[in-house]
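Structure first, then comments.
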Amino acid sequence: MLSKEIQLEVNKGAMLPLMEEFYTIQGEGYHTGTAAYFIRIGGCDVGCHWCDVKESWNAELHPPTAVDTIVHNASQYSETVVVTGGEPLMWDMELLTAKLKSKNRKVHIETSGAYPLSGKWDWICLSPKKNKLPTTTVYNSAHELKVIIHNKHDFIFAEEQAELVNDNAILFLQPEWSKKEEMTPLIVDYVMNNPKWRVSLQTHKYLNIP
């Protein structure tokens, strides 16, 4: 259990449950192939059964880390910083994004959108999940909608989500990794027949990088 002082710092976003941080190549979505520093924040209650970072779910397993330390580390590596999780919007992102921007960093987030938007972002990648749908604030602000295709019914979900997201969001369909052999051909056909969508692949897994 956290001390009262540390819990207060977490509550106001001055400390965050940091799971890991690393410099790599963005593997998915609009910015695929570009260098970025990733900050993975612990804590998520969305509970996707195919999640590839289930160890991020329990925030108590990840030590509260000062935002100043996180920003200092990120600033050593890349002009672009991606905040992911877990579900980072469980926490107040205002201070983290403000401090990153004070270092002239471009700040991106990968989120399910299940919590109200906080922070100032240069790019918001919304990846909605059926069991905890996005908030209006994220639908309205997302630059990119990335829907994971695990089965054929997910194409229906993707279209439902495309109706809810703002008109400027770029639309992506991405095969769930364990079903990629089965789903990728279906996604290719779907995008060819519905060209408002684009294909996203988890290229970092093909490259065997984080």
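One-quarter of the Cα convex hull surface for the range 96-154, in nm²?
4.3 nm²
Accessible surface of TRP57 in the full protein assembly, 1.4 angstrom probe, to the nearest 10 Å²?
80 Å²
Filter LYS99/LYS132; LYS120/LYS180; LYS146/LYS180; LYS12/LYS130 down to the pairs with a C-alpha to C-alpha distance above 22 Å, please.
LYS99/LYS132; LYS120/LYS180; LYS12/LYS130
Considering only DSSP states other than H, G, I, E and B, which trypsin sites (Lys or Arg not before Pro) in the range 109-210 qualify as loop sites with at most 10 other Cβ atoms within 10 Å?
For trypsin sites (Lys or Arg not before Pro) across the range 109-210 that sit outside H, G, I, E and B with at most 10 neighbouring Cβ atoms in 10 Å, the list reads LYS196.
What aspartates and glutamates does LYS54 reach when the alpha-carbon gap must be under 17 Å and sequence neighbours fewer than 8 apart in one chain are set aside?
Partners found: GLU20, GLU21, ASP45, GLU87, GLU110, GLU176.
The values are calculated or read from the model by the stated rules, or taken from the named source; none is laboratory data. Nothing here was measured: the structure is a model prediction, and the numbers come from that model. Virtual Cβ from ideal backbone geometry, glycine too; neighbours counted across all protein chains shown. Calculation scope for accessible area: heavy atoms of the full protein, side chains included, ligands and nucleic acids excluded. Shrake-Rupley method; radii C 1.70, N 1.55, O 1.52, S 1.80 Å.
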